[in-house]
Amino acid sequence: PRTIRMGTLARAFNAFNAVSVSDLRTLARARVPKFAYDYLAGGADDEVSLRRPGFDAYEFHPMTCRGVHEVSTRTTFLGHKNVECIFGAPTAGHALWAPREGETATARACAETSSASRVFALSTLGTRSPREISQHVPELKHKMFQVYV
């Protein structure tokens, strides 16, 4: 993957220009406080997942000039029909990246999909409570809560 230097280029760079996960990581490093980036980029427990070949091996290749009349991203997850196979994952501390809204911003993004059917999962270690999410994003239909046992 290509390397993007910090500074002016990184500030002009945005997620729509990303061609790899490495590009997204560079963008995050340039835009969030160091402690927040380190938390997000770090692995859990002994960080064994960081030593495995992972997302860095993937690059984004837009499929242009191809027929899309039969393509569908719809899927079913725990009985809920979704417009795509993406949902708001239960990561802790969204307020590190969106201090004013925290998980409320992620829940709102899930509710604003074309059919408002994206699932949002709140982490036990979230910075907003399930009640706050429900109060601030009443249009969110599919909610999950991750419980650590």
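The values are calculated or read from the model by the stated rules, or taken from the named source; none is laboratory data. It should be emphasised that the depicted structure is a prediction, and the values quoted were computed from it without experimental measurement. Note that we place each Cβ from the backbone using ideal geometry, even for glycine, and neighbour counts take in every protein chain shown. Remember, those area values only see protein heavy atoms, side chains included, never the ligands or the DNA or RNA. Shrake-Rupley method; radii C 1.70, N 1.55, O 1.52, S 1.80 Å.
So which of E139, E101, E70 ends up being in a loop (DSSP other than H, G, I, E, B), more than 28 Å from P33 (Cα to Cα), modelled with pLDDT of 80 or more and out of contact with any strand residue (DSSP E or B) (no Cβ under 9 Å at 6 or more places or on another chain)?
Matching residue, one of E139, E101, E70: E139.
Okay, residues lined up against (1) of a type outside the set (A, V, I, L, M); (2) buried (at least 17 other Cβ atoms within 10 Å of the Cβ):
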| site | (1), (2) |
| --- | --- |
| T104 | yes, yes |
| L125 | no, no |
| P138 | yes, no |
| F145 | yes, no |
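Within the range 82-98, take every residue that is of a type outside the set (D, E) and in contact with a strand residue (DSSP E or B) (Cβ under 8 Å, 6 or more places away or on another chain) and give me the one that is surrounded by the most Cβ atoms within 10 Å (Cβ to Cβ).
So the residue we want is G88.
For the range 104-136, enumerate the residues that are in a helix (DSSP H, G or I), of a type in the set (V, I, T) and in contact (Cβ under 8 Å) with a residue 24 or more places away in the chain.
T104, I133
Search the range 39-48 for residues being open to solvent by less than 70 Å² (accessible area, probe 1.4 Å) and not in a loop (DSSP other than H, G, I, E, B), and hand back the single one that is modelled with the lowest pLDDT.
This residue is V48.
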